[in-house]
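Enquirer: I'd like to ask you about the structure that follows.
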Amino acid sequence: MNQTVPTPPPIVHTVADLRAAVAPRRHQGVPIGLVPTMGALHAGHASLVTASQAAGAFTVVTIFVNPTQFGPGEDFARYPRNLARDAALLAPAGADLIFAPATEEVYPPGFCTRAEVESLTRHWEGAARPTHFRGVTTVVLKLFNMAQPDFAFFGQKDLQQSVVVRRMVRDLDLPVEVRVCPIVREPDGLAMSSRNVFLSADERRRALCLPSALRDVEERFAAGERSAAILSAALRARIESTPGVQLDYAAIVDAETLEEVSAIAAPSAAIAALRVGATRLLDNALLGPEFRSR
Ligand code: AMP
């Protein structure tokens, strides 16, 4: 049998090489799609690449473990890094180019400029990780300026991040269309995450309370429940009753503003984060007439 193994996409490390690789495609009128990641890639990331390819874009995947979005004591040092494995995973997904800059390429000596989205970043992930979103928006703005994409693909998995990036794009009139892609899950329901490798078998079992609590909320919503108080109490109770798991937050929020709602009238989301062992996991479910139940 003659099976051809797809060739991994070329890797560039500098902004100059990135621009040189992208420019001819842009001049040919091909749209540029950007998929920002921190590597340790999985099928969730590959789904963003697939979405970019489906948009007909020359697809650039950035792999950069961005130090400025990690707080003190977070897992920056132990964050998994394996560029060769990531490149191999991207081959079948159809990525056209990998941009994997060194830290000094992104943050040269003397770097002191930040992009910050204000109110949307105070709650939820922002409360737990006060400097996180400033690091995300700064690096995303830089990546947009480096690659000048027509489209940028983000995962609903990091719902608040996608809302914050969309706000930055609107507020700063950035010429890029942000597209948010559905959460890709493991067969047991756990949202795929580069951090899942940190979970022991026992922690992994306990972590399943997160997707199952969200599924329960979706089912109650589908059955007609519209009280956010009832839904968020159920979400919280389900997680809090799981031994060995610390609930960080669980709430029903407006999908655009991320403010807590009392009744679900507009597109909303159930959001939750928990800690199991040393690992922090987040997940969410969109609730609204236009969102399909999983
Ligand atoms: P990360 O490298 O984990 O920071 O994620 C890079 C991008 O992939 C972000 O836009 C994430 O929201 C997205 N992503 C991560 N996990 C998933 C998943 N399970 N399904 C879909 N997108 C994801």
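The values are calculated or read from the model by the stated rules, or taken from the named source; none is laboratory data. Not measured: the values here are computed from a predicted model. When we count neighbours, we look across all protein chains shown, and the Cβ atoms used for this are built from the backbone with ideal geometry, even at glycine. With ligands, DNA and RNA removed, areas are computed over all heavy atoms of the protein, side chains included. Shrake-Rupley method; radii C 1.70, N 1.55, O 1.52, S 1.80 Å.
Enquirer: Would you mind checking which residues have amide H under 5 Å from residue 287's amide H? H placed 1.01 Å from N; only 5 or more apart, or other chain.
Expert: For residue 287, whose amide H was placed from the backbone, the distant partners under 5 Å are 268, 269, 270.
Enquirer: Now, a different point. Taking the solvent-accessible surface of protein heavy atoms with a 1.4 Å probe, what is the per residue accessible area of the chain in Å²?
Expert: Ligands and nucleic acids excluded, the result is 46 Å² per residue.
Enquirer: Return the sequence-ordered ³J(HN,Hα) values of the stretch 93-106 in whole Hz as given by the Karplus equation 6.51 cos²θ - 1.76 cosθ + 1.60 applied to θ = phi - 60°, using x for Gly and Pro.
Expert: Karplus values, whole Hz, x for Gly and Pro: 6, x, 5, 9, 7, 10, 10, 10, x, 6, 4, 5, 5, 8.
Enquirer: A further question on this structure: Please identify every one of the GluC sites (Glu not before Pro) in the stretch 59-139 that sits in a loop by DSSP and has no more than 16 other beta carbons within 10 Å of its own beta carbon.
Expert: Sparse-neighbourhood loop GluC sites (Glu not before Pro): 74, 116, 118.
Enquirer: If you don't mind, another one. Return the inverse of the average 1/r over all pairs of distinct C-alpha atoms in the chain, which is the Kirkwood hydrodynamic radius, in Å to one decimal.
Expert: For the chain, the Kirkwood estimate is 20.0 Å.
Enquirer: Heavy atoms only, probe 1.4 Å: what % of the accessible area of the chain goes to carbon and sulfur, would you let me know?
Expert: Whole-percent figure for carbon plus sulfur exposure: 53.
Enquirer: State, as an integer percentage, the relative contact order of the chain based on alpha-carbon contacts under 8 Å between residues 6 or more apart.
Expert: Relative contact order here is 16 percent.
Enquirer: Within 10 Å of each candidate Cβ there may be at most 14 other Cβ atoms; applying that plus a DSSP loop requirement, which trypsin sites (Lys or Arg not before Pro) in the stretch 54-113 survive?
Expert: Passing both the DSSP loop test and the Cβ count: 78, 81.
Enquirer: Relative contact order (percent) for the stretch 11-181, with alpha-carbon contacts under 8 angstrom and 6 or more residues of separation?
Expert: 29
Enquirer: List the residues, sorted by chain then number, that are 5 or more residues from residue 97 or on another chain and whose placed amide H is less than 5 Å from its amide H.
Expert: Sorted by chain and number, the residues that satisfy this are 59, 61.
Enquirer: So what J values fall out for the stretch 16-22 if you push phi through Karplus, 6.51 cos²θ - 1.76 cosθ + 1.60 with θ = phi - 60°, rounded to Hz, Gly and Pro as x?
Expert: Here the 3J(HN,Hα) series is 4, 5, 4, 5, 5, 6, 7 Hz.
Enquirer: With bins 10 Å wide starting at 0, give me the P(r) of the stretch 194-287 over every alpha carbon pair, in whole percents.
Expert: P(r) for the stretch 194-287, in whole percents per bin: 18, 49, 26, 7.
Enquirer: Given charges of +1 on the Cβ of Lys and Arg and -1 on the Cβ of Asp and Glu, with all other atoms neutral, how large is the dipole of the chain about its Cα centre, in debye to the nearest 20?
Expert: My answer is approximately 360 debye.
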